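> Here's a structure for you.
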Amino acid sequence: MKNNIIYWLSVLSVLLFSACTEEIVMEVPEGKKRPVIEGYLTDELKSHEVILSYSSEFYSDDMEMISGAEVFLVESRQYQGHGDTIFLYERSDQPGHYFTDSVAGTKGRWYHLEAIVQENTLYDTPIRMYADAKMPNNADGIDSIGLLPLLNEEGIPFVDEKAAVCICPYFQALSDPEIVYNVELYLNGSRFKNRPSKLFQLFQMQGYAGYYFNGPEMLNNNIPIPVGIMNKSYLHEGDLVKVKLFSISKDYLYFLMGQKLAIGVNPAMGAFPAITTNVFSNCDAIGWFATTSEIEGEAVYHESAFEEE
């Protein structure tokens, strides 16, 4: 009897492992190809970019760009009369990428983006896409940046407390609780994208509005609040650390969160989450035109501040 049980268990094991090695082909239905806008305008004096393309298939890395479009920005469209018109120019070495001259947006102003594609691969008629966005308000600036050890006794997930360098800005926050920051960290002039900095990419000011950020009246148990973290293994004596805080709208926040949820979704687990869009068109265009105002601050890293006593 015992030998029979062992025999059938062995047969069952072989069948199970054999089944696991069978190739399974999944048919993922492809969505309709659509025009896509990715554009932004900040209050920093610089050249700003708008990217026009067509959506790609699920398993394809190829992106068809939209060339030859007429792209322009109009300031203060929703006030009486129109403001200045800013034209964007496509670069010959970057098809589908359109750039302004050096311009700066203004806080509180509305901006209207429009793109017209006379010749396209989807329709017989010209494509017209447009979006409107109001540039959000922001603090006047960052007074200073503190590079501090992790003082929170509860710790932060995925962070080595002994190796953590907390990026703590000091500035007068506005009283608007709706302000949301998209946080970017820079190390010696290059964007810092390593974990755990990604944990702090979006930072909401609700609960901190009106305070002097990281001032004594705001802190609990004198523990500063970081907007980002770097690992000491990336830092050396004299390195320059910069933080940028981009004030963004709540709608843009939801768009960014939707993008994060969509990345790496397993088709076996269901359809992609719906991605919001602020683009209107005479077709099925999608995408986002964002306006952001930014403040920034810098600090120099000194190893002596993190030496154990």
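The values are calculated or read from the model by the stated rules, or taken from the named source; none is laboratory data. Here the structure is a predicted model, which means the values were calculated and not measured. Positions of Cβ are backbone-derived with ideal geometry, glycine not excepted, and every protein chain shown enters the neighbour counts.
> Can you tell me which residue within the stretch 66-100, out of those that are at pLDDT 90 or above and of a type in the set (D, E), is nearest to the chain's Cα centre (by Cα)?
Taking the stretch 66-100 and keeping what is at pLDDT 90 or above, we get 66-74, 86-91, 93-100.
Checking which are of a type in the set (D, E) leaves us with 70, 90, 93.
Working: E70: 26, E90: 24, D93: 25 Å.
Ranking the candidates gives E90 first.
> Next question. Please enumerate the residues belonging to the stretch 163-181 that are closer than 15 Å to N214 by Cα and not in a loop (DSSP other than H, G, I, E, B).
C166, I167, C168, P169, Y170, F171, Q172, listed by residue number.
> Here are some conditions: (1) at pLDDT below 90; (2) in contact with a Pro (Cβ under 8 Å, 6 or more places away or on another chain). F213 meets all but one. Which one does it not meet?
Exception for F213: condition (1).
> Might you let me know whether the stretch 182-192 holds any residue that is over 20 Å from the mean Cα position of the chain (by Cα), modelled with pLDDT of 85 or more and surrounded by fewer than 15 Cβ atoms within 10 Å (Cβ to Cβ)?
Yes, the conditions are met somewhere in the stretch 182-192.
> Which pairs do you get when a residue that is over 13 Å from I229 (Cβ atoms) and without any contact (Cβ under 8 Å) to a residue 12 or more places away in the chain, found in the stretch 139-150, comes within reach of a residue that is loosely packed, with under 14 Cβ neighbours inside 10 Å and not basic (K, R), reach meaning Cβ atoms under 9 angstrom, with the pair 6+ apart or on two chains?
none
> Shifting gears a bit: Out of Y7, Y59, Y54, which single residue is closer than 18 Å to C283 by Cα and at pLDDT below 95?
Y54
> Exactly one of these conditions fails for F200: (1) surrounded by fewer than 16 Cβ atoms within 10 Å (Cβ to Cβ); (2) modelled with pLDDT under 90. Give me its number.
Condition (1) is where F200 drops out.
> A further question on this structure: Is it the case, given these coordinates, that S293 is outside any loop (DSSP other than H, G, I, E, B) and modelled with pLDDT of 90 or more?
Yes, satisfied.
> Next question, about the same structure. Only one of these conditions is not met by S175: (1) closer than 30 Å to E75 by Cα; (2) buried (at least 18 other Cβ atoms within 10 Å of the Cβ); (3) modelled with pLDDT of 90 or more. Which number is it?
Only one criterion is unmet by S175, namely (2).
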